[in-house]
Amino acid sequence: MSTSTLDAAAVDVDVDEKELRVTLRDGRAIIVPISWFPRLKAADPDARAKWRLIGDGEGIHWVDLDEDLSVAALLRVS
């Protein structure tokens with residue numbers, strides 16, 4: 001199992017009014033407060049649900065919110 005932030009890749013994302021949860025390819029999960037991301041916190045549930053993985057899972061993009069998060073950055077701050 002990899003423990004590197006450089007090769008970590010997301011396979012699923014779930015966002016609710018309290019948390020951002022990112023499931024990684026190697027089985028780990030990152031769970032952080034949504035309050036860390038003002039655009040996600042202010043968004044309605046439909047906009048939060050419209051995400052896509054970018055860079056083969058290296059990042060997450062919310063089209064309606066113009067928000068991008070990298071998995072490596074999430075691992076460094078979580």
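Just the residues that are basic (Lys, Arg) and modelled with pLDDT of 95 or more, please, taken from region 27-78.
Answer for region 27-78, where residues must be basic (Lys, Arg) and modelled with pLDDT of 95 or more: 28, 39, 41, 48, 50, 52.
Go over the candidates 14, 7 one by one and state the one that is assigned to a loop (DSSP other than H, G, I, E, B), among the charged types (D, E, K, R) and free of Cβ contacts under 8 Å to residues at least 12 places away in the same chain.
Selected residue: 7, the only one of 14, 7 that is assigned to a loop (DSSP other than H, G, I, E, B), among the charged types (D, E, K, R) and free of Cβ contacts under 8 Å to residues at least 12 places away in the same chain.
The values are calculated or read from the model by the stated rules, or taken from the named source; none is laboratory data. Everything numeric in this text was worked out from a predicted model, so none of it was measured. Neighbour counts are summed over all protein chains in view; Cβ atoms, including those assigned to glycine, are modelled from backbone coordinates with ideal geometry.
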